[in-house]
1. Simple spin-label model, 7 Å along Cα-to-Cβ: Asp129 to Glu202 in nm?
2. With each pseudo-label sitting 7 Å past Cα toward Cβ, what's the Asn74-Arg259 distance in nm, one decimal?
3. Work out how much length Asp91 to Ala105 would gain on full extension: take 0.36 nm times their residue separation and subtract the Cα-Cα distance, in nm to one decimal.
4. In whole Hz and in residue order, list the ³J(HN,Hα) couplings for region 110-127 that follow from phi through the Karplus curve 6.51 cos²θ - 1.76 cosθ + 1.60, θ = phi - 60°; x for Gly and Pro.
5. Calculate the radius of gyration of the Cα atoms of region 190-232 to one decimal place, then report Dmax, the largest Cα-Cα distance, as a whole number, both in Å.
6. Arg60's amide H: which non-local residues (gap 5+, or another chain) put their own amide H closer than 5 Å, with H modeled 1.01 Å from N in plane and none for Pro or chain starts?
7. Step through the residues of region 135-142 one at a time and calculate ³J(HN,Hα) from phi using the Karplus curve (6.51 cos²θ - 1.76 cosθ + 1.60, θ = phi - 60°), rounding each to whole Hz and writing x for Gly and Pro.
8. What is the list of residues in region 60-85 whose amide nitrogen lies under 19 Å from a point 7 angstrom out from the Cα of Glu49, following Cα to Cβ?
Amino acid sequence: MASIAVSISTPEALLDRAASEPAVCPPNVFVIPAYNEEQNLPRLIGDLESRPSLFPAGSRVFIVDDGSEDGTANVVSSYDGDLPLELVRLDHNQGPGAAFRAGFAAALEDCPHEARIITLEADTTSDLDALPRMLERAATGAELVLAAWVMRNVSYLRRVLSEGAGLFARRALGLEAKTVSSFFRVYHASVLREGFRQYGDELIQEQGFACKAEILAKLTRLGARVAEVPVDLDTSRRIGKSKMPVLRTILAYWRMAVRERVARSSAEA
């Protein structure tokens with residue numbers, strides 16, 4: 001009878017082997033709301049194409065056309081390059097809240113639990129050079145990584161209004177983060193799934209730009225570990241004006257604060 005040599009690995013050998021094998025990077029799934037961004041999207045797509053390291057196996061890019069009146073959808077649907085680009089289309093403009101709900105639904109439908117969900121502005125003001133640092137924080141314990149804006153080429157009035165809105169949101173919603181309204185974030189897919197499991201459709205009730213502060217507040221309440229990475233915000237890269245109505249967003253923060261206070265009072269009664 002032929003003998004068969006059986007090699008039994010010790011626990012130490014197994015650890016050494018695991019350390020020597022390259023780590024498998026989780027996929028990155030981008031969710032990018034776009035409203036009338038026909039002029040900016042080609043530059044954003046080019047920026048993404050120039051960074052192939054951001055696209056390990058299984059990665060996808062969802063552009064959510066929020067009922068644009070220009071050729072935003074055509075830019076995406078006619079793309080024939082190497083990016084795993086997909087179009088999610090809303091039939092009329094509903095605001096960032098609805099766009100994120102639709103984009104997250106598409107992203108979470110079949111992505112693995114360990115995937116990273118990356119959200120960013122479609123107007124190219126997000127500095128993609130900062131994304132590897134954000135992903136590194138996501139890989140070392142943070143479940144939600146925020147871009148903490150360092151403003152470049154931003155008017156004084158816009159800076160004051162944005163900082164005032166952020167201060168109001170932090171105090172009204174009990175948040176400690178420096179930047180609460182930026183689209184540029186990295187989520188663990190698992191923490192977003194838990195957010196939808198706990199809150200359902202009410203994870204995102206706000207239709208406007210305040211939805212980002214709302215998501216942050218609710219995921220923080222669930223215990224999500226949050227980190228911030230300084231990122232340059234350069235508005236000179238954008239073609240066209242910002243679509244964020246600052247005063248309307250402040251009013252939305254106030255509305256959220258009232259809703260939170262009523263919810264807490266009801267829970268304590």
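1. With each label placed 7 Å out from Cα toward Cβ, I get 4.4 nm.
2. 3.7
3. Length gained, Asp91 through Ala105: 3.4 nm.
4. 9, 7, x, 4, 8, 4, 9, 9, 10, 10, 7, 6, 7, 8, 6, 6, 6, 7
5. Expressed in Å, the Cα Rg and Dmax of region 190-232 come to 11.2, 34.
6. Distant-sequence amide H within range of Arg60: Asn28, Val29, Phe30.
7. 5, 5, 5, 5, 7, 10, x, 7
8. The answer is 60-64, 71-85, whose backbone nitrogens lie closer than 19 Å to the label point.
We did not get these values from a lab; they are worked out from the coordinates using the rules stated. Just so you know, these numbers come straight off a predicted model, no measurement behind them. Virtual Cβ from ideal backbone geometry, glycine too; neighbours counted across all protein chains shown.
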